[in-house]
Structure formats: structure tokens, C-alpha cells
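Structure, as C-alpha cells:
The values are calculated or read from the model by the stated rules, or taken from the named source; none is laboratory data. Note that the structure is a prediction, hence the values are computed from the model and not measured. Every residue, glycine among them, receives a Cβ derived from its backbone with ideal geometry; neighbour counts consider all protein chains shown.
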Amino acid sequence: MEIRNYIFSNDGLQLLKQHPKGQNWPVVYLIDNDKQLYVGETTSAGGRFNQHLNNPERQSLINIRFIFDDQFNKSAILDIEQTLIQMFLADQKYKLQNKNGGQSCKHDYYQRALYQSKVDEIWNELKRHNITKSSSSEIRNSNLFKYSPYNTLTPEQEAVSHEIISNILDTLESDKTGTSILSGKAGTGKSIVVIHMIYTLMSAMNIRYNDGDLGPEEQLELLERISISNRIREYVDKHGSLKIAFVVPMTSIRKTFKAVFKASKDTGLNPAMVIGPQEVVKENGKYDVIFVDESHRLARRHGITSYGSFDEACRTLDIDESTSTQLDMIQIKSRYSVLVYDENQTVKSSDLTAEQFESALVRRDVRHRSNLKSQMRCEGGVAYTQYLDDIFQVNQSQKLDITSYDFKIWDDPNAMIREIRHKDSLMSLCRVVAGYSWEWQSKECITLEQAIDKGLEDIELDGEKYVWNMSNQEWILRPGAVNEIGCVHTTQGYDLNYVAVIFGKEIDYDEQSQTITIDRSKFYDTKVKSGVDDATLKKYIVNSYKVMMTRGIKGCYVYACNQGMQNYLKRFMDTYR
């Protein structure tokens, strides 16, 4: 690999033409000044250089850096271009001139892992020359990278995005109301698709699609995307700007999304768009579109923190507080709603039931249902998530080899925790989580040290003591979080590199009946178990463990306090030696 810097001028163009790969070779390039940056790719460096010199939007740029590599091909440079755009947005050193966040769709091509490693090589070389602020590992671990509006969608995700946006425009143009439901197991990229749809709508309202730098093949590939963008613009020209909200029920991840939208303000996103469910009631009139992340976590009037504010919202909308849910509020306040939904991720008694979810849809035309299937988070793929389902449903009869995923059970929980801490020191974002089988004695403590000084450690495992998460908001991202133990409420919605899951004393396996059993007396989340029967509580607890076990990108480690559960799980995973 070679990175060659030229002055962004005709003199620089003439020097580039003397390079053996300067005319007819796939390359990636960066054009920049001290504050702005454009990232591109081409198979004709000289021709594209000349195009940019004649583009008025590039006149303030000074340098152009070409990245040459003997192994580059068209698929590789499209992928590298897109990844670098995401990384520069997360790095926040430059304002990007890429108005459409790159031009490619994500394709799984030959040796993609090799070329992604080249991205890290490129990035760290740029950092060595102070072109970037953060290292590639820091960027890839950041939520600004993972939830970037510039995220490239897979063909499956892109198709769903176009179908839903088309449905939105069809519905609004006909002055009707409608709903789309986006389903899929944990890790299928539902939140990424939603953020990309919001970005597509907002950017099209503010700028016309930038296809001036596209060759004929690229214009053909992106024909549908350009068409969607133009159609949005036509709607806005005729009817005015769309009023859009992004409802995020979980407080912790809502704060994260607000930060992502704030960092992406040049794309048309605004942190004020990210709101809690009941905040929709404060808006005068209706939103044109409300997107809802994790809509299975919307609340009903049961086990919630504030009954007063819930009842006040219901009175404002003139609906019955005893039977209504936050989804009813969203449906009333929107002309169109897009609901991310997975019944198997309900984990609290306050979560609306499947029956309440369907009931809220009765008065709306459900115009589109999509089910994402490709596993985007976990390197174990769809096979791993299906394996977990079968294990918890006691349908699995034999151990499977989950290719390229580190899935192990440990006999020593403290050694497992030490290993997670070691991995965190190497790659960050490795955490230990557990079922709610220990009381939260440290709840009033502000720091881990304070809890230890007062002898208020919450969890004891084979003589070692630990403390629950010290914060409910963005615990995953807090310094020192690896020294604490999180729960489902602080991890749902987040990605980790490695996760270690401790099965508490409330869950066991009964060999005689061949069933997973729950002991509610050893489960300490009172808001979850209050007013629910044993079967429902078991569903919440099992869902919680599945949610926690699907957080890890590279691996999941497991330990069960009850020997029956430990022995059962050992049937399906290797024991760490």
C-alpha cells in the first residue's frame, strides 16, 4: 500500500499522471484542507482529479491524497471509501463534503475481511501524519461509527429502507395514515436501518442528490436511491418539510442516539428529534413520521416509574389511561409510524404485551411488514442466534460448532471475569453482565470505591465480591464499567466486543422434567415480577438472558450459579480450559 500526497491543482494533476497507477487503476482518495474533507474512489484517478478541480464545491480544498494498492479492485475501493467516510464522521476532525455519505451499497465480496484490515492500516498511517485524531480501534468501538447515518446498508436492508420510504410517501400523498413494522432478531441492524431512513429523508429535504461525481456504472447501481431522493424532494417542494421524530423508549440508548444525531448535524439530523415516548404529546399537531426504536419496550400502565405523567399524557389525548399504552399515544400523534419490533426482547412487566401491540394497530393501515434476517452484530451469524433460541426452548439435542465465534462456558466465574477485564484492556468494550439474582445494595453509592468502602458489594461468586453497575445511563461506555457487573437494562441495544453472562440463582434446569425453571423468590427486580404470573416472568427472564448473550460481536462467555443450569448449558458449548 502507498499513500501519495499531491497539491490539489493542475500541477498536482500532471504529477499524478506520471504515477503508474495514476490513470487506469482502482484507488481511494482524500481531498482536504485544515477543516474540510472529501473521500472518494475511482478507477481513473487522473480523470476524477480533473472533475474535482472543475467542481466549485472543492475550490477551498488544498491537498489530495491517493491510496494505491496492488490488490485493490472495484468492490474493495467502494467498501473502503464507505468505511473511511463513517470513520471520519466519528473522528470529528473534519467537516465532510460528501453530501450523500458515499455512493456504494454494502456487498459481501471475496476477501472482504482482508480489505477491511487494509482500512485500519490506512487509518493508522493517516493518524501517524496527524490527519486523524483517534486510532482505528477507538473509532470502530465508538457509537458514532456504529450508528453513523453514513452506514452502508446491505442489499436486504437497502431494499427494506426503500420499500418503507416509498410507503411513507404514498400514504402522506394520499392524505391517509399508515404504519410499517420492522422486525428481526437482535443484531440484524434494525436501528441502523431506521437511522439511515431518517438520514435519507432529512438529507433529501435539504440537498439534492449529489451524483455529479458518478460514472455510468455507479449511476445505474444507484438508480433507485437517486429516484427515492428525488421523490422525497418533490414531496417537500409541494407539501413542505416533513416533521419527523425518533422515539427511543430506553433512556440509556436514547442519550447515545442524541449524541450521534448531534455529531451528524451536517446531514440534517438534530438531537432534538430523539425523544422519549410521552414527549410526542407535547408537540402541537401531528408528526408526519414517527420512527420508534425497540417498540416492544414501549410502556403500558403497569410497573412504570411515574403513573402521574402517564395519566396526564392520556388525559391530554383523551384516551383511557387504564387500557392505553405509549404506542397508542404515538399512533394518535403521527400520520405515519415505523415500528421496530421484536416480541422476544420484552424484558419487563411494564413492556406492552403482544396483544396490546396488535390492538394499537387495528385503527391503522399496516402497509408494510419486514423481517430482517442477516446477522450484522454477532460473528456467529444467524446460526448462533437460532442456536440460543433452540437451547432456551429445550429443542436442541446436540452441540453445534459456531464457526468463528468464541462461545464457551466457564467453571470458574472469577477467572472468567478476569479474562473479560484482560480482553477489555486489549480491545475495549468487553463487559460482564448478570441476571437480577442479587439485591442492589450499592444503589445509593456514587462510585465503586464508595460501595467497597461501605461493604455494600452486591454479588459474591466463589469468595470474590462485585458491584452492580454504578449508572443506568450509558453504563457500557463509562470508564471503569468493566470493573462492575451490568444487567439487561444497561446493555440492551448496545454492541460489545465480548460479553460474559452470569446466570443467577433464579434460573435452573430440572433434569427430571427436562425444563428450564424459575424461582421468583431469588429474582430481585421487583418491577419486572410485580403482578405477573410465573409463565410470564419466565418469558421475561429467558428473554433477558438471550438479549445479554447476543451483545458480543466476537464472543460470549457463560457461567451459571446453579449446577443444573451449568450442566445443561455444557451440553451446547465447550468448557474453557
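Data table
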read-out: Hey, Asn124 outside the structural domain of Ile232 (by TED's automatic domain parsing), modelled with pLDDT of 90 or more and closer than 30 Å to Ser404 by Cα or not; value: yes
read-out: Hey, Tyr199 under 22 Å from Arg377 (Cβ atoms) and more than 21 Å from the chain's Cα centre (by Cα) or not; value: no
read-out: Filtered residues of the stretch 30-82 (kept if of a type in the set (Lys, Arg) and either farther than 13 Å from Asn98 by Cβ or in contact with a Ser or Thr (Cβ under 7 Å, 6 or more places away or on another chain) (or both)); value: Lys35, Arg48, Arg65, Lys74
read-out: Of all residues in the stretch 291-314 being of a type in the set (A, V, I, L, M, F, W, C) and touching a Leu at 6+ places or on another chain (Cβ under 9 Å), the one that is surrounded by the most Cβ atoms within 10 Å (Cβ to Cβ); value: Phe291
read-out: The listed residue being within 30 Å of Glu379 (Cα to Cα) and touching a strand residue (DSSP E or B) at 6+ places or on another chain (Cβ under 7 Å), out of Lys539, Lys570; value: Lys570
read-out: Given (1) under 29 Å from Leu496 (Cα atoms); (2) among the charged types (D, E, K, R); (3) surrounded by 15 or more Cβ atoms within 10 Å (Cβ to Cβ), index of the condition Lys333 fails; value: (1)
read-out: Subset of the stretch 109-154 (residues that are within 16 Å of Arg65 (Cα to Cα) and part of a loop (DSSP other than H, G, I, E, B)); value: His129, Asn130, Ile131, Thr132
read-out: The stretch 450-500: number of residues that are farther than 26 Å from Glu138 by Cα and in contact with a helix residue (DSSP H, G or I) (Cβ under 7 Å, 6 or more places away or on another chain); value: 5
read-out: Residue in the stretch 275-292 that is at negative phi and among the small types (Gly, Ala, Ser) present; value: yes
read-out: Considering residues of the stretch 425-456 that are in contact (Cβ under 8 Å) with a residue 12 or more places away in the chain and among the small types (Gly, Ala, Ser) only, the residue surrounded by the most Cβ atoms within 10 Å (Cβ to Cβ); value: Ala434
read-out: Selected residue (criterion: surrounded by the most Cβ atoms within 10 Å (Cβ to Cβ)) from residues of the stretch 364-379 that are in a loop (DSSP other than H, G, I, E, B) and over 17 Å from the mean Cα position of the chain (by Cα); value: Arg364
read-out: Sole exception among (1) part of a helix (DSSP H, G or I); (2) touching a strand residue (DSSP E or B) at 6+ places or on another chain (Cβ under 7 Å) for Phe291, by number; value: (1)
read-out: For Ser166: the one exception among (1) in a helix (DSSP H, G or I); (2) surrounded by 18 or more Cβ atoms within 10 Å (Cβ to Cβ); value: (2)
read-out: Subset of the stretch 52-78 (residues that are farther than 20 Å from Leu13 by Cβ and in a helix (DSSP H, G or I)); value: Lys74, Ser75, Ala76, Leu78
read-out: Count of residues meeting criterion [among the aliphatic types (A, V, I, L, M) and closer than 23 Å to Gln473 by Cα] in the stretch 488-521; value: 6
read-out: Conditions (1) hydrophobic (A, V, I, L, M, F, W, C); (2) within 24 Å of the chain's Cα centre (by Cα); (3) closer than 30 Å to Ser428 by Cα: number failed by Ile165; value: (3)
read-out: Flag if Ile31 is modelled with pLDDT of 95 or more, exposed (fewer than 14 other Cβ atoms within 10 Å of the Cβ) and assigned by TED's automatic domain parsing to the domain that holds Asp69; value: no
read-out: Candidate set: the stretch 28-68, residues that are over 31 Å from the mean Cα position of the chain (by Cα) and among the β-branched types (Val, Ile, Thr); chosen: the one nearest to Asn124 (Cα to Cα); value: Ile64
read-out: Residue within the stretch 224-241 that is over 22 Å from Glu163 (Cβ atoms), modelled with pLDDT of 90 or more and within 28 Å of the chain's Cα centre (by Cα) present; value: yes
read-out: Checking Gln23 against (1) assigned to a loop (DSSP other than H, G, I, E, B); (2) in contact (Cβ under 8 Å) with a residue 60 or more places away in the chain, the condition it does not meet; value: (2)
read-out: Checklist (1) in contact with a helix residue (DSSP H, G or I) (Cβ under 9 Å, 6 or more places away or on another chain); (2) surrounded by fewer than 18 Cβ atoms within 10 Å (Cβ to Cβ); (3) not in a helix (DSSP H, G or I) applied to Ser359, failing item; value: (3)
read-out: Failed item in (1) at pLDDT below 95; (2) assigned to a loop (DSSP other than H, G, I, E, B), with Glu457 passing the rest; value: (1)
read-out: Single condition His422 does not satisfy, out of (1) part of a helix (DSSP H, G or I); (2) of a type outside the set (Lys, Arg); (3) touching a Ser or Thr at 6+ places or on another chain (Cβ under 7 Å); (4) surrounded by fewer than 16 Cβ atoms within 10 Å (Cβ to Cβ); value: (3)
read-out: Residue that is farthest from Lys146 (Cα to Cα) [pool: residues in the stretch 53-64 that are surrounded by fewer than 22 Cβ atoms within 10 Å (Cβ to Cβ) and touching a residue at least 40 places away in the same chain (Cβ under 8 Å)]; value: Leu53
read-out: Single condition Ile391 does not satisfy, out of (1) β-branched (Val, Ile, Thr); (2) in the same structural domain as Val280 (by TED's automatic domain parsing); (3) surrounded by 19 or more Cβ atoms within 10 Å (Cβ to Cβ); (4) under 30 Å from Ser530 (Cβ atoms); value: (2)
read-out: Count of the stretch 315-327 residues which are assigned to a helix (DSSP H, G or I) and surrounded by 22 or more Cβ atoms within 10 Å (Cβ to Cβ); value: 2
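Condition check ((1) aliphatic (A, V, I, L, M); (2) under 20 Å from Asp574 (Cα atoms)) across all residues:
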{"residue": "Asn414", "(1), (2)": "no, yes"}
{"residue": "Glu419", "(1), (2)": "no, yes"}
{"residue": "His422", "(1), (2)": "no, no"}
{"residue": "Ser425", "(1), (2)": "no, no"}
{"residue": "Leu429", "(1), (2)": "yes, no"}
{"residue": "Val432", "(1), (2)": "yes, yes"}
{"residue": "Lys443", "(1), (2)": "no, no"}
{"residue": "Leu448", "(1), (2)": "yes, no"}
{"residue": "Ala451", "(1), (2)": "yes, no"}
